[in-house]
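Contents: one structure, followed by commentary.
The values are calculated or read from the model by the stated rules, or taken from the named source; none is laboratory data. Just so you know, these numbers come straight off a predicted model, no measurement behind them. Heads up, the Cβs are rebuilt from the backbone with ideal geometry, glycines too, and the neighbour counts pull from every protein chain shown. For accessibility, only protein heavy atoms count, side chains too; no ligands or nucleic acids. Shrake-Rupley method; radii C 1.70, N 1.55, O 1.52, S 1.80 Å.
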Amino acid sequence: MSDESRAVVWKDFDKALENRSYVFQLDLSSQSLKKLPDDIGKLNKVTAVNLSQNDLTESDLGEDFFELHNLTSLDLSHNRFRHLPPCLCMFLELQRLDIRGNDFESPLQQADMIRDLFPSCEVVY
């Protein structure tokens with residue numbers, strides 16, 4: 001797999017699903033999502049997901065989302081999260097998490113929780 005193909009950012013979920021062997025970056029930002037597509041877990045090579053500027057809460061991610069075991073970068077900014085889902089601990093490779101612009105009572109506390117789980121993870125809050 002070339003570095004060039006890894007650099008492609010897929011914005012159309014259906015096309016990404018059809019080409020899932022080649023999908024490493026998925027951008028579903030600004031799509032007014034209230035829940036994630038059911039088959040998102042089939043994109044098992046994805047390393048970066050941008051879900052920013054949607055209408056998501058922690059309960060809208062769905063179980064399939066946590067099948068993305070290769071995830072290193074996750075953008076949850078500007079949604080309606082009040083808490084981080086406990087299942088984030090499934091992302092053992094997580095290196096960057098953006099949680100800005102959500103409804104957290106204590107963004108710093110949420111960031112500290114992630115840093116405790118993933119000491120090398122950059123948390124933007």
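By the equivalent-ellipsoid construction on the alpha carbon gyration tensor, region 17-84 comes out with semi-axes of 19, 12, 11 Å, ordered largest to smallest.
Taking region 71-90 and a reference point 7 angstrom along Cα→Cβ of Ser120, the backbone N atoms nearer than 13 Å belong to 72.
With 10 Å bins beginning at zero, the pair-distance distribution over Cα atoms of the chain amounts to 14, 48, 32, 6, 0 %. Among the lysines of the chain, pairs that are 8 or more positions apart or on different chains and have alpha carbons within less than 17 Å of each other number 6. Relative to the longest principal axis of the Cα atoms of the chain, helix 107-117 runs at roughly 60 degrees. Estimated purely from DSSP H runs of n ≥ 4, each contributing -39500 (n - 2.57), the mean residue ellipticity at 222 nm for the chain is -4000 deg cm²/dmol once divided by its residues.
Within region 52-71, which residues have the backbone N less than 15 Å from the label spot 7 Å out from Arg96 along Cα→beta-carbon, could you tell me? Counting only backbone N, you get 52, 71. For Val124, Val49, Val8, the ranking by accessible surface with the largest value first comes to Val8, Val124, Val49, using a 1.4 Å probe.
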